[in-house]
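The values are calculated or read from the model by the stated rules, or taken from the named source; none is laboratory data. Predicted model only: the values in this text are computed from it and were never measured. Counting neighbours? That spans all protein chains shown, and the Cβs are built from the backbone with ideal geometry, glycine included. What goes into the accessible areas is simple: the full protein's heavy atoms, side chains included, and nothing from ligands, DNA or RNA. Shrake-Rupley method; radii C 1.70, N 1.55, O 1.52, S 1.80 Å.
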Amino acid sequence: MKLRIGQGWDLHRFCEGTSLRLGGVEIPFERSLLGHSDADALCHALIDALLGASHLGDIGRLFPDTDPAYENINSMLLLQSVLGLLQERGWQPVNVDCTIITQQPKLAPHIPLIEESLAKAMGLPADCVSVKAKTAEGLGPVGRQECLEAMAVVLLQQRNDFFFWAER
Ligand code: MG
């Protein structure tokens, strides 16, 4: 069996608003995240991890932020699109491990829903999707609550009958 690991990172600034979206889950907050899409930084980090592991480029190349088609788009739709590309090449996620770094809001109460949302989107068992949250101890732009960061690591496996794709 062929295995590949990928990592992704993303950052979005906070802006005026009433909620933010992480892993497809709407989280009420006194501010939102700024972005061309829905600014779901966790989803974007995961997409880049998937694209990295499968050597299919990156989120900016596939979904340019200059394209009006992606304005305010639900990033879970972008995730579905990327999973489709992977599936065409025989790649299947094995497990995902993510970290969100933000000072606010407190994410602990939302983690189970976020994990469930991502597991459902990827067709993975609950114990194969981990999402963790940390603060930045008040340091740097994250600590000053100017932005939120997300990181993701993903393991992919490729079906045996798709091995030839990896040789290209
Ligand atoms: Mg992004």
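Numbers at a glance
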quantity	calculated
Rounded tilt (10° steps) of 75-88 against the dominant C-alpha axis of the chain	10
Amide H contacts under 5 Å for VAL131, placed H, 5+ residues apart	CYS98
Cα coordinate range in the chain, projected on the principal axes (Å, largest first)	50, 36, 26
Rounded percent of accessible protein surface that carbon and sulfur make up, segment 2-167, 1.4 Å probe	53
³J(HN,Hα) computed for each position of segment 51-57 - Karplus, 6.51 cos²θ - 1.76 cosθ + 1.60, integer Hz, glycine/proline x	5, x, 5, 9, 6, 10, x
Extension gain from LEU34 to SER19, taking 0.36 nm per residue of separation minus the Cα-Cα distance	4.3 nm
Under-5 Å amide H pairs with ALA136, H placed in peptide plane, nonlocal only	THR102, GLN103
GNM result for the chain, Cα springs below 10 Å: residue of PRO68, PRO93, PRO109 fluctuating most strongly	PRO109
Heavy-atom SASA rank of GLU16, GLU88 (probe 1.4 Å, accessible area, largest first)	GLU16, GLU88
Euclidean distance of C-alpha centroids, segment 1-17 and segment 97-119, integer Å	13
Rounded to 10°, Cα long-axis angle of helix 111-122 versus longest principal axis of the chain	30
Per-residue HN-Hα couplings for segment 140-150 [Karplus 6.51, -1.76, 1.60; θ = phi - 60°; Hz; x = Gly/Pro]	x, x, 5, x, 7, 6, 8, 7, 10, 10, 9
Gained length - ARG144 relative to LEU62, 0.36 nm times residue gap less alpha-carbon distance	26.4 nm
222 nm mean residue ellipticity, helices alone, for the chain (DSSP H n ≥ 4; -39,500 (n - 2.57); rounded to 500)	-8500 deg cm²/dmol
In nm, spacing of pseudo-spin labels at LEU113 and LYS132 (7 Å Cα→C-beta vector)	2.3
Residues of segment 22-48 with amide N under 14 Å of a point placed 7 Å along Cα→Cβ from GLU71	35-38
Per residue, in Å², the accessible surface of the chain once ligands and nucleic acids are set aside, probe 1.4 Å	52
Amide H contacts of ASP40 (H built 1.01 Å from N, under 5 Å, at least 5 apart or other chain)	SER75
